[in-house]
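A.B. asks: Let me give you the structure first, and then I'll get to my questions.
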Amino acid sequence: MTLSNSLAALDAAHHLHPFTDARVLEKNGPLIIDRGEGIHVYDTTGKKYIEGMAGLWSVAVGFNEKRLADAAYAQLLKLPYYHTFSAKGHEPSIRLSEKLAEIAPEGLSHVLYANSGSEGNDTVVKLVWYYNNALGRPEKKKFLARNNAYHGITMASGSLTGIVVDHKDFDLPILPVIHLTCPHFYKEGTADETEAQFTARLLAELEDTIAREGAETIAAFIGEPVMGAGGVIVPPEGYWPGVEAICRKHDILLVADEVINGFGRLGTPFGAERMGFTPDIMTVSKQITSSYMPLSAVVFSDAIYQAVADNSHKIGTFAHGFTAAGHPVATAVALENLKIIEERDLIGNAARLAPAFQAGMRALADSPIVGEARGVGMMAAVELSADKATKRPFAKPGQVGQIANAIAHEEGLILRAIGDTLALCPPLIVTEADVAEILRLMAVILERTAAEVAARGIK
Ligand code: PLP
């Protein structure tokens, strides 16, 4: 071990990091973040970074919101823990359920809590299966998802995820899940196809899949309104309304995974609203507490609730739940966080700043190494390409992304390199000046990356 920083050495010795090459970490050590302030974080050497990813797409209100610390402390003093099993309850989870039902898309009025997005989506699978068993249709169990979707990494949510590396050597998927084409025109559209024809092809694929499998075997379609971890994929116009119409026709539940999109990321309260559809179920997490506390919620329709409630009565219990589900500290923090989002009109802020942010990102497509710039609201990405005209990716996937990532760190911007796609998702408290600074840094990072690619002859 040659790492001089003792924390780094300890980390490499004892801590297996998620989504990290362990051998590279042993050599280079982690970037250890020490403290946060507004949209910035500081590492242990005191270096300052703009957190252009809001952590993991999650810290809406910035990195030192005292009101959230106060809300947590007050709740810790009053009732640090209680559960919601066996007809017990506590005020923060009750108030948050009311709040979620108030702000959720039309018709979603019941809430079931978990602690992470992954657990939330596992809960969705179990809820949907329980619902269909309650209705006497035990064969209606398959899920439809999309390639490149990210729904988490637990056994069920990881199965719904459609990213190859997330399955590799984990023996996933284990669910009856069918992954459909990713709605990414740049990558999946053919040379002789318009975007509208591409959308029609994807909707035909959905219809054909349902016809082949039988609607009576398909329980639900799950999707992120706008995909995040798959590389910030904005589906084409008409895609989501088309999916919704087909699902309704075949009595297939529509699940919006709002874990990233929810609470204003796209400039609307929820991503489904921005993309023009109304789900039967949605999963929320991340920005619900600005990730100050772990929390997720599954918000669902009264029709689902009624069937589930009847079945729980028949069996004698709804035998699902987690020790910390709806945790009083987490739900108290969520309530305060949602209050701040409302008081400071952070959703409006996202809507107001989005045009400049998106236009600035699109302008980066002029870089010789950018194949596509895309995004909506306050999430965006540039996809790096070896050849703009043919859209050819670099020969070694992820290599140039990592070069750009390292340069970004040097320049004081944290972004997310997803293979060779550079993603941004800044905290919702960003100002116009912050957005301008992020765009300036992105231009510098791309220029330096292009120079490095040319110097090293990377093709
Ligand atoms: N769903 C989406 C859309 C996500 O982006 C994520 C995480 O990034 C998850 C689910 C899983 O959430 P968690 O990491 O909290 O399990």
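A.B. asks: Where the accessible area of the stretch 16-149 is counted over protein heavy atoms with a 1.4 Å probe, how much of it, in %, is carbon and sulfur?
C.D. replies: 56 percent
A.B. asks: Take the alpha-carbon centre of the stretch 114-136, take the same for the stretch 360-374, and report the distance between them in whole Å.
C.D. replies: Their Cα centres are 40 Å away from one another.
A.B. asks: Could you tell me which chymotrypsin sites (Phe, Trp or Tyr not before Pro) in the stretch 3-75 are loop residues by DSSP with no more than 12 other beta carbons within 10 angstrom of their beta carbon?
C.D. replies: Passing sites in the stretch 3-75 are Phe19.
A.B. asks: What is the Rg over Rh value, at two decimals, for the stretch 343-409, using alpha-carbon atoms and the Kirkwood definition of Rh?
C.D. replies: Result for the stretch 343-409 is an Rg/Rh of 1.09.
A.B. asks: For Ala101 and Ala319, FRET efficiency with R0 = 22 Å and r from the beta-carbon atoms, rounded to 0.05? Show your work: numbers first, answer last.
C.D. replies: On the way: r = 24 Å, r/R0 = 1.07.
Once the sixth-power term is evaluated, E becomes 0.40.
A.B. asks: Considering only protein heavy atoms and a 1.4 Å probe, what is the carbon-and-sulfur percentage of the accessible area of the stretch 329-427? Please list the in-between numbers first.
C.D. replies: Numbers: 1950 of 3510 Å².
Heavy-atom surface of the stretch 329-427 belonging to carbon and sulfur, 1.4 Å probe: 56 percent.
A.B. asks: Would you work out which of Gln287, Ala229, Met275 lies farthest towards the positive end of the dipole of the stretch 67-343? Charges go on Cβ: Lys and Arg +1, Asp and Glu -1.
C.D. replies: Checked the options; the winner is Gln287.
A.B. asks: For a bin width of 10 Å, list the pair-distance distribution of the chain built from all Cα-Cα distances, rounded to whole %.
C.D. replies: Binned Cα distances yield the sequence 4, 20, 30, 27, 14, 4, 0.
A.B. asks: All other residues with a Cβ under 11 Å from the Cβ of Leu68 taken together, and with Lys, Arg as +1 and Asp, Glu as -1, what is their net charge? Working shown, then result.
C.D. replies: Numbers: positive: Lys66, Arg67, Lys339; negative: Glu65, Asp70, Glu336.
Taking every other residue near Leu68 into account, the sum is 0.
A.B. asks: List the residues, sorted by chain then number, that are 5 or more residues from Ser301 or on another chain and whose placed amide H is less than 5 Å from its amide H.
C.D. replies: Correct list: Ser109.
A.B. asks: Any idea which of Ala297, Thr181, Ile218 is furthest toward the positive side of the dipole for the stretch 67-343, if Lys and Arg beta-carbons carry +1 and Asp and Glu beta-carbons -1?
C.D. replies: Result: Ala297, furthest along the dipole toward the positive end.
A.B. asks: Which pairs, out of Lys78/Lys339; Lys78/Lys314; Lys66/Lys99; Lys78/Lys99; Lys48/Lys99, put more than 30 Å between their alpha-carbon atoms?
C.D. replies: Those over the limit are Lys78/Lys314; Lys48/Lys99.
A.B. asks: Now for a separate question. Amide H of Ile218 versus every other amide H placed in the peptide plane: which residues, excluding those fewer than 5 positions away on the same chain, fall under 5 Å?
C.D. replies: Residues meeting the amide H criterion: Lys141, Lys142.
A.B. asks: Turning to a different aspect of this structure: Where in the stretch 289-363 are there trypsin sites (Lys or Arg not before Pro) that are in a DSSP coil and have at most 16 other Cβ atoms within 10 angstrom of their Cβ?
C.D. replies: Arg344
A.B. asks: Then there's this: Keeping every protein chain present and rolling a 1.4 Å probe, give me the accessible area per residue for the chain in Å².
C.D. replies: Here the per-residue accessible area is 43 Å².
A.B. asks: Which trypsin sites (Lys or Arg not before Pro) does the stretch 19-112 hold that lie in a coil by DSSP with at most 10 other beta carbons within 10 Å?
C.D. replies: Working: sites: Arg23, Lys27, Arg35, Lys47, Lys48, Lys66, Arg67, Lys78, Lys88, Arg95, Lys99; in loops: Lys47, Lys88.
Sparse-neighbourhood loop trypsin sites (Lys or Arg not before Pro): Lys88.
A.B. asks: Once you charge only the Cβ atoms, +1 for Lys and Arg and -1 for Asp and Glu, what is the size of the charge dipole of the stretch 67-343 about its Cα centre, to the nearest 20 debye? Walk me through the intermediate numbers first.
C.D. replies: Numbers: 22 positive and 33 negative charges, 146 e Å.
Once rounded to the nearest 20, the dipole reads 700 debye.
A.B. asks: I would also like to ask the following. Assigning unit charges at the beta carbon (Lys, Arg +1; Asp, Glu -1) and nothing else, what dipole magnitude in debye, to the nearest 20, does the stretch 323-459 show about its Cα centre? It would help to have the intermediate numbers written out before the result.
C.D. replies: Values: 14 positive and 16 negative charges, 114 e Å.
The calculated dipole for the stretch 323-459 is roughly 540 debye.
A.B. asks: A further question on this structure: Sequence gap at least 6, Cα distance under 8 Å: using those rules, report the relative contact order of the stretch 67-343 to the nearest whole percent. List each step's numbers first, then the result.
C.D. replies: Numbers: 530 pairs, mean separation 79.8, N = 277.
It rounds to 29 percent for the stretch 67-343.
A.B. asks: Quick one: which residues, 5 or more positions from Val370 or on another chain, have an amide H under 5 Å from its amide H? H modelled 1.01 Å from N in the peptide plane, none for Pro or chain starts.
C.D. replies: It is Ser385, by chain and number.
A.B. asks: Here's something else I'd like to know. Hey, what's the Cα Rg ratio for the stretch 25-92 versus the globular rule of thumb, 2.2 N^0.38 Å?
C.D. replies: Numbers: Rg = 17.2 Å, N = 68, 2.2 N^0.38 = 10.9 Å.
Rg over 2.2 N^0.38 Å, computed on Cα atoms: 1.57.
The values are calculated or read from the model by the stated rules, or taken from the named source; none is laboratory data. Source: prediction; values computed, not measured. When we count neighbours, we look across all protein chains shown, and the Cβ atoms used for this are built from the backbone with ideal geometry, even at glycine. Just the protein is used for accessible areas: all its heavy atoms, side chains included, with ligands, DNA and RNA removed. Shrake-Rupley method; radii C 1.70, N 1.55, O 1.52, S 1.80 Å.
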